[in-house]
Amino acid sequence: MIIELRQDILVANQKMVSVVKERLAQEKVLMLNIIGSPGSGKTSLLEATLAGLSERFRVAIIEADVETKRDSERLERFGVPLYHINTGGMCHLESDIILSSLDRMDLAATDVVIIENVGNLICPADFDIGEHAKIAVSSVPEGDDKPSKYPVLFREAEAVVLNKTDLVPYTNFNVESFTTDLRRINGTVPLFELSATGGDGVQAWLDWLIQRIESSQSDNS
Amino acid sequence: MHEMSIVEHLFGVIDEIAEKEQLTSIQRVAVEIGGMRQIVPELFQFAFDAAKDRTVAAGAELVMTFVPIQATCNGCGAVFEVQLHEYVCGSCGAADVKVTGGKEILITSIEGDRDDN
């Protein structure tokens, strides 16, 4: 016998996505999903972001890594609620893990949850975890061809951060070629060229983020 | 390699359907995958073959259909197929386009035998 269907293979993940979205909407919390390669500076970007954001908004962080708690330890000094996940080999996060982190959080006392996904440009782009926006992080030492090689992430991103721009003079990275490729994939996405550790360009990213959080709060009210 | 994780989810769905329909063996599983899913067919096949052992679908063949990415231009309204991840309208050249197809990740049919005893 042939059973005809049209069922989503990721139905189990999507069910939890609905619960996550509902939970966030109830408490008017914005959730961002930061995706980038290992070593692109996702944690450094979080450090710069928390330094500029944590006095203005109530931020909570979900840190995911295959192994070690090193990234979480780096963020402890900011004193924000920090939820650590070791995926134990899994290359991405799924919505059930996010839901169990949200369960442990005081969402009523949170404005924004920022997730640092596992360092990877492919798998996290394919799994919806109930976030409001994906942020793609790429960095100069990785080369200027990342948007062309990993188009789906850059297409789905609501903002793109190009990190470590202070290293441009020491590499063959071509900013124009990166930008041209990115525009072919995502013509309208805001691009922030910055150095998370040096500070150049960070303010424009923070301004965008602050506006994003504020507009989500006014949409919800 | 997200193919492995997606295949794990696929077998979750297969098990559920096999139980509901009381299937004792499955010969064919058909899936439909959109271009936005970045699935490498060989890896998906490899993951499927690795996962099917000792399941009700142990002898099953996998049939994959790939769906192109489709977009609609927010400027002139043209509907077009996205080639090589170039999300630019072919009619008016606008880069402000909305992806309207290609995110599918579906199981479309299962062929199997039911235990009628």
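For B:Glu81, the criteria (1) at the interface with another protein chain (Cβ under 9 Å from one of its Cβ atoms); (2) part of a strand (DSSP E or B); (3) not basic (Lys, Arg) hold in every case but one, which is (1).
Exactly one residue out of A:Leu153, A:Leu209, A:Leu121 is more than 14 Å from chain B (Cβ to nearest Cβ) and not aromatic (Phe, Trp, Tyr): that is A:Leu209. Checking each residue in region A:146-175 for being in a loop (DSSP other than H, G, I, E, B) and over 16 Å from A:Ser37 (Cα atoms) picks out A:Glu158, A:Thr171, A:Asn172, A:Phe173, A:Asn174. Residues considered: A:Asp71, A:Asp8, A:Asp65. Of these, the only one that is among the charged types (D, E, K, R) and closer than 30 Å to B:Thr108 by Cα is A:Asp8. In this structure, does A:Thr197 turn out to be away from chain B (no Cβ under 13 Å) and surrounded by fewer than 19 Cβ atoms within 10 Å (Cβ to Cβ)? Here the answer is yes, as A:Thr197 does meet what is asked. Kindly establish whether B:Glu3 is facing chain A (nearest Cβ under 10 Å), among the acidic types (Asp, Glu), within 15 Å of A:Ile122 (Cα to Cα) and in a helix (DSSP H, G or I). Yes.
Of the residues making up region A:162-186, just one is in contact with a Ser or Thr (Cβ under 7 Å, 6 or more places away or on another chain) and of a type in the set (Val, Ile, Thr), namely A:Thr165.
Just so you know, in region B:48-64 the residues that are outside any loop (DSSP other than H, G, I, E, B) and of a type in the set (A, V, I, L, M) include one that is nearest to the chain's Cα centre (by Cα), and it is B:Met64. Taken over region B:12-24, the criterion of being surrounded by 15 or more Cβ atoms within 10 Å (Cβ to Cβ) and more than 7 Å from chain A (Cβ to nearest Cβ) is satisfied by B:Ile14, B:Ala18, B:Leu23.
With respect to the conditions (1) at pLDDT 95 or above; (2) surrounded by fewer than 17 Cβ atoms within 10 Å (Cβ to Cβ); (3) under 30 Å from A:Leu182 (Cα atoms), B:Met1 lacks only one, and its number is (1). The residues listed here are A:Asp106, A:Asp96, A:Asp128, A:Asp145; of these, the one that is touching a residue at least 24 places away in the same chain (Cβ under 8 Å), within 25 Å of A:Asp181 (Cα to Cα) and either surrounded by fewer than 18 Cβ atoms within 10 Å (Cβ to Cβ) or basic (Lys, Arg) (or both) is A:Asp145. Is it the case that A:Val160 is at the interface with another protein chain (Cβ under 10 Å from one of its Cβ atoms), crowded, with 19+ Cβ neighbours inside 10 Å and among the β-branched types (Val, Ile, Thr)? For A:Val160, the condition - at the interface with another protein chain (Cβ under 10 Å from one of its Cβ atoms), crowded, with 19+ Cβ neighbours inside 10 Å and among the β-branched types (Val, Ile, Thr) - is not met. When region A:38-80 is limited to residues that are under 25 Å from A:Ser100 (Cα atoms) and of a type in the set (Gly, Ala, Ser), the one that is surrounded by the fewest Cβ atoms within 10 Å (Cβ to Cβ) turns out to be A:Gly79.
The values are calculated or read from the model by the stated rules, or taken from the named source; none is laboratory data. What you see is a predicted model; the values in this text were computed from it and never measured. Note: ideal-geometry Cβ built from the backbone for every residue, glycine included; neighbour counts use all protein chains shown.
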